[in-house]
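Rule-based calculations on the coordinates, nothing more; no lab input. Not measured: the values here are computed from a predicted model. Positions of Cβ are backbone-derived with ideal geometry, glycine not excepted, and every protein chain shown enters the neighbour counts.
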Amino acid sequence: MSEGRSIKSFFRHLPLIGGLVDARWRDHREAINEVGVNILLSTMPIWLGCIFFLLAHNFSMSLGEAITHNVENGELFLYATSILAPLFYFIFKDYDGIRKFPNAASFMVLSVIVLLVGGCGFSFTRLGPLLGINYQWNSSTLFIFSAAVYAAAIVIVYLAHVYRNWRETGGAAAFTMETQDFVSAFNREPKS
C-alpha cells in the first residue's frame, strides 16, 4: 500500500472531515457558492439595516462596528440555529444507489449541540429579564460567543454541502454509474 493511500485511509476515519479526501474541488466550489449566497441573503437584515443607518448618520462609525452593535445581544444564536435546519433533510435523504452520507452521525451530534447552545444562548439573553432573573450578559462576551456558535454552524453547513454535492454529482454518483454499467454488462453476457 502506498503512503498516499495510507494517509487517505487515515483521514477517511476522522469524524466529520473524513470524507473530504474523496471530494473534488468542484464539490467545494459549489458548497462555497451555496453557503455564501445563503449567508448573504439570510443576514441581510443585519448588514443592510446597518448600511442605511450609516448613510443616515454620515458614517459616524465603521460598518463593522455597526454590524457588531446590531448583533451584540445574541442575535447570531438565531442565525446559527436556522442555518442548520435544512441539514437534517439532505443528510438523511436517500439517493438511489448512492452511498450513505459520510459521517452522518458526527454531523447530527455536532448540529444538535450547536442547536442546543444557540437556542439556550438566545433564550437566556431574552428570558432572564422576563423571569425576573437579574443577570446582565457582557455584550462583547455575548457577541464573541454567539459569533463562535454561528461560525461553527457555518462550518458544519459548508462541510455538509460539500458531501451532498459529492453524493449527487461527484464521486459517489460516478461510483454508482460505474457499478451499474458493470452489472448491466455482466447481465448481458451469455450464460453457459
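Using DSSP to define loop residues, name the chymotrypsin sites (Phe, Trp or Tyr not before Pro) in the stretch 119-154 whose beta-carbon has at most 14 other beta-carbon atoms within 10 Å.
Within the stretch 119-154, the qualifying chymotrypsin sites (Phe, Trp or Tyr not before Pro) (loop, at most 14 other Cβ atoms within 10 Å) are TYR135.
Please work out how much length the chain gains when fully extended from LEU54 to VAL21, using 0.36 nm per residue of separation minus the C-alpha to C-alpha distance, in nm with one decimal.
7.4 nm
In percent, what relative contact order does the stretch 42-153 have, based on Cα pairs under 8 Å that are 6 or more apart in sequence?
38
Considering only the other residues whose Cβ falls under 12 Å of the Cβ of PHE143, what net charge follows from Lys and Arg at +1 and Asp and Glu at -1?
-3
Please compute the net charge surrounding PHE53, taking Lys and Arg as +1 and Asp and Glu as -1 over other residues with Cβ under 15 Å from its Cβ.
So the environment of PHE53 carries a net charge of -2.
Equivalent-ellipsoid semi-axes (√(5λ), Cα gyration tensor) for the stretch 1-160, whole Å, largest first?
36, 20, 14
Let me know the Kirkwood hydrodynamic radius for the stretch 2-49, please, with Cα pairs as the basis and the value in Å to one decimal.
One decimal place: 13.1 Å for the Kirkwood radius.
Under the 0.36 nm per residue contour assumption, what length would be gained going from the current alpha-carbon distance of LEU63 and PHE124 to full extension?
In short, 19.2 nm is gained.
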